[in-house]
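A.B. asks: Here it is, the structure, as structure tokens.
The values are calculated or read from the model by the stated rules, or taken from the named source; none is laboratory data. Computed from a predicted structure; not experimentally measured. We place every Cβ from the backbone using ideal geometry, glycine too, and count neighbours over all the protein chains shown.
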Amino acid sequence: MTKTKTILSALALTTALTAPALIAPLFSAPAAIAAAPTAPTVSGVQDFSDLAAKVSPAVVNVAVTMKAGAAGDDEVQMSDRSQQKQMEEFMQRFGERFGQPMRPMKPQPKANQKAEAVGTGFIIDPAGWIVTNHHVAGKADKIVVTMADGRKLNAKMVGGDEKTDLALLKVESDKALPFVEFGDATKVRVGQAVMAVGNPFGLGGTVTTGIVSARGRDIHSGPFDDYIQTDAAINRGNSGGPLFDMEGKVIGINTAIFSPTGGSVGLGFAIPSSLAQPVVNQLKTNGKVERGMLGVQIQPMTGELSQSMAYNGEKGALVAQVQPDSPALAAGLKSGDVIVSVDGKNVDTIKDLTRMISATKPGASVKLGVWRDGKDMTVTAKVGDQKDEGGIVKAKAEKADKTAEPLSYGVSLAPLSKEAREEMKLDDSVKGALIASVEAGSPAEEMGLKAGDILQQVGREAVDSPKAAVEKLKEAKDTGKPVLVKVYREGMTRFVAISPRAA
């Protein structure tokens with residue numbers, strides 16, 4: 001039986017220049033753009049024509065040329081002949097229907113040729129500041145923007161932020177440029193009408209409409225996922241384009257789609273303006289984004305974890321590990337703490353904590369509400385400056401000698417021998433019992449444990465050998481309840497609650 005795989009095209013809105021764009025001057029640009037009036041209705045159908053006329057002049061085509069080898073996937077160029085053939089057939093049908101001559105497809109770039117792609121951007125200041133996606137312009141060697149009136153302007157990237165997928169460009173013009181303003185995405189409601197303007201498949205300025213389908217979507221593309229979901233048609237080439245409310249304000253930046261085909265199926269995602277605007281302001285001022293950091297590895301609370309820890313509820317962020325020489329360590333945070341608030345604001349999920357701390361200026365102090373061993377407490381931490389994460393060493397344990405029989409939890413344990421440490425590149429500070437194998441279908445496998453993980457804690461007790469781990473696991477089995485274990489994997493630790501196998 002064949003399964004159809006649904007693909008998250010987090011970067012799939014940039015379209016290739018292997019198909020020449022049919023771009024025509026569709027609009028004349030005024031000096032500035034005022035808020036559009038509420039759209040009238042015609043015969044019961046909402047009319048977006050006034051809104052489109054107001055905002056479209058500020059939406060631009062962003063064409064980028066990248067250095068050879070900078071891109072090699074289907075976000076930038078056609079990945080295979082079938083995709084190229086599909087585009088050729090589409091262009092042929094388009095030409096036959098609308099009287100446009102069919103132009104031959106350009107050959108795919110070779111390995112030593114520069115790659116080209118097109119996306120969308122929008123002007124937020126008459127002086128020529130343009131917002132787009134980082135995945136559109138982040139690797140660009142040359143950037144050219146095309147205005148709605150056909151003018152082409154060279155652009156430079158002032159700054160970019162890969163974590164939020166935002167970039168800020170600057171162009172120079174001898175006259176004021178049309179622009180649009182950010183709206184308040186916190187007031188966006190599910191079901192309200194929206195309009196997207198962009199450059200799908202390189203065809204030029206295109207308007208699509210729909211509604212807000214959902215808010216706060218997490219599509220697992222990054223630590224700040226909080227997308228607006230819309231059914232307005234969004235396709236490759238719409239990357240970096242604006243999503244407008246009915247007042248002509250930008251409430252989102254179109255950046256991702258769910259699609260089994262690469263085309264719109266009514267599941268588009270936009271970065272909310274409430275997240276984008278502060279980032280854009282920092283890029284405009286500093287050319288980069290400064291974020292606060294605590295120096296902890298965190299994981300979400302679950303029902304199993306809560307039960308094993310005697311913690312009430314599933315809200316909060318569980319501290320899996322405290323980094324050395326970090327603000328968290330200086331503040332007295334410990335592995336196993338649950339952070340429940342920041343400066344009095346509730347932390348319901350790990351995303352809340354990530355956003356709150358990241359939005360804090362490095363050097364500022366925050367008060368953290370913490371649950372520890374059944375008690376509530378408050379600690380004060382001086383937020384540090386977030387740095388890029390380093391590489392992770394891949395651990396291997398397939399050759400470890402087993403010294404303990406599989407337990408009711410479905411794991412076999414082995415000591416951290418000198419040979420195992422050398423193979424896994426572990427220093428002496430990493431202690432625990434090596435998981436040599438995990439039984440298929442066991443409770444351990446269901447909770448994601450793998451061979452090569454290191455068991456460091458069972459319940460409240462640290463373990464430094466297979467014998468100690470076995471004793472604690474047997475004690476936990478007698479209770480019949482899930483047991484909390486702390487696991488080390490590839491430089492990171494996390495907590496897992498595992499139930500014993502039914503007898």
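A.B. asks: For G480, indicate whether it is without any contact (Cβ under 8 Å) to a residue 24 or more places away in the chain, outside the structural domain of P300 (by TED's automatic domain parsing) and within 14 Å of S308 (Cα to Cα).
C.D. replies: Considered against the rule, which asks whether it is without any contact (Cβ under 8 Å) to a residue 24 or more places away in the chain, outside the structural domain of P300 (by TED's automatic domain parsing) and within 14 Å of S308 (Cα to Cα), G480 comes out as yes.
A.B. asks: Related question: Taking the conditions exactly as written (touching a Lys or Arg at 6+ places or on another chain (Cβ under 7 Å), on the phi > 0 side of the Ramachandran plot and surrounded by fewer than 22 Cβ atoms within 10 Å (Cβ to Cβ)), does G262 satisfy them or not?
C.D. replies: Criteria met by G262.
A.B. asks: Only one of (1) closer than 29 Å to S499 by Cα; (2) touching an Asp or Glu at 6+ places or on another chain (Cβ under 6 Å); (3) at pLDDT below 85; (4) β-branched (V, I, T) fails for T403. Which number is that?
C.D. replies: Unmet for T403, out of (1) closer than 29 Å to S499 by Cα; (2) touching an Asp or Glu at 6+ places or on another chain (Cβ under 6 Å); (3) at pLDDT below 85; (4) β-branched (V, I, T): (2).
A.B. asks: If you don't mind, there's one more thing I want to ask. Could you grab me the full set of residues in region 307-352 that are without any contact (Cβ under 8 Å) to a residue 24 or more places away in the chain and surrounded by 17 or more Cβ atoms within 10 Å (Cβ to Cβ)?
C.D. replies: V319
A.B. asks: Test E304 against the stated conditions and say whether it is among the acidic types (D, E), farther than 25 Å from D47 by Cα, touching a residue at least 12 places away in the same chain (Cβ under 8 Å) and assigned to a helix (DSSP H, G or I).
C.D. replies: Answer is yes for this residue.
A.B. asks: Got a sec? Which of T255, T208 is among the hydroxyl-bearing types (S, T, Y), surrounded by fewer than 24 Cβ atoms within 10 Å (Cβ to Cβ), under 20 Å from V62 (Cα atoms) and touching a helix residue (DSSP H, G or I) at 6+ places or on another chain (Cβ under 9 Å)?
C.D. replies: Just a single option satisfies the conditions, and that option is T208.
A.B. asks: Something else now. Being in a strand (DSSP E or B) and crowded, with 19+ Cβ neighbours inside 10 Å, is that true of even one residue in region 272-283?
C.D. replies: Yes, the conditions are met somewhere in region 272-283.
A.B. asks: Any chance you could count how many residues in region 301-345 are among the polar types (S, T, N, Q) and either closer than 14 Å to M377 by Cα or assigned by TED's automatic domain parsing to the domain that holds G480 (or both)?
C.D. replies: Of the residues in that region, 1 qualify.
A.B. asks: Is it fair to say K351 is within 22 Å of G374 (Cβ to Cβ) and of a type in the set (D, E, K, R)?
C.D. replies: Here the answer is no, as K351 does not meet what is asked.
A.B. asks: Can you name the residue in region 46-64 that is assigned to a helix (DSSP H, G or I) and in contact with a Pro (Cβ under 7 Å, 6 or more places away or on another chain) and is also farthest from G128 (Cα to Cα) among such residues?
C.D. replies: D50
A.B. asks: Continuing with this model, one more query. Only one of these is within 29 Å of E314 (Cα to Cα), within 33 Å of the chain's Cα centre (by Cα), β-branched (V, I, T) and buried (at least 16 other Cβ atoms within 10 Å of the Cβ): V463, V487. Name it.
C.D. replies: Of the residues listed, the single one that is within 29 Å of E314 (Cα to Cα), within 33 Å of the chain's Cα centre (by Cα), β-branched (V, I, T) and buried (at least 16 other Cβ atoms within 10 Å of the Cβ) is V487.
A.B. asks: Now for a different question. Give the residues of region 331-376 that are hydroxyl-bearing (S, T, Y) and either within 18 Å of F495 (Cα to Cα) or not in a helix (DSSP H, G or I) (or both), sorted by residue number.
C.D. replies: S335, S341, T349, T360, S365, listed by residue number.
A.B. asks: Among the candidates G332, G374, G384, which residue alone is at positive phi and touching a strand residue (DSSP E or B) at 6+ places or on another chain (Cβ under 8 Å)?
C.D. replies: That would be G332, the only listed residue that is at positive phi and touching a strand residue (DSSP E or B) at 6+ places or on another chain (Cβ under 8 Å).
A.B. asks: Can you say whether K474 is over 15 Å from G410 (Cα atoms) and of a type in the set (D, E, K, R), as far as the supplied structure shows?
C.D. replies: No.
A.B. asks: Right, next: Counting just the residues of region 223-282 that are in contact with a Ser or Thr (Cβ under 7 Å, 6 or more places away or on another chain) and aromatic (F, W, Y), which one comes out farthest from Q297 (Cα to Cα)?
C.D. replies: F258
A.B. asks: Going by the conditions given, is V379 at pLDDT 75 or above, in contact with a helix residue (DSSP H, G or I) (Cβ under 6 Å, 6 or more places away or on another chain), part of a strand (DSSP E or B) and surrounded by 14 or more Cβ atoms within 10 Å (Cβ to Cβ)?
C.D. replies: yes
A.B. asks: Can you tell me which of D165, D184 is in contact (Cβ under 8 Å) with a residue 40 or more places away in the chain, among the acidic types (D, E), over 22 Å from K54 (Cα atoms) and in the same structural domain as S273 (by TED's automatic domain parsing)?
C.D. replies: The match here is D165.
A.B. asks: Separate question: Do any strands (runs of 3 or more DSSP E) entirely within region 121-162 hold 1 or more residues that are crowded, with 19+ Cβ neighbours inside 10 Å and among the polar types (S, T, N, Q), and if so, which?
C.D. replies: 129-132, 140-146
A.B. asks: Quick check on M246: is it over 17 Å from N133 (Cα atoms), part of a loop (DSSP other than H, G, I, E, B) and of a type in the set (A, V, I, L, M, F, W, C)?
C.D. replies: Spelling it out, M246 is indeed over 17 Å from N133 (Cα atoms), part of a loop (DSSP other than H, G, I, E, B) and of a type in the set (A, V, I, L, M, F, W, C).
A.B. asks: Can you go through G262, G252, G313 and tell me which one is assigned to a loop (DSSP other than H, G, I, E, B), over 20 Å from T349 (Cβ atoms) and not acidic (D, E)?
C.D. replies: G262 is the lone residue from the list that is assigned to a loop (DSSP other than H, G, I, E, B), over 20 Å from T349 (Cβ atoms) and not acidic (D, E).
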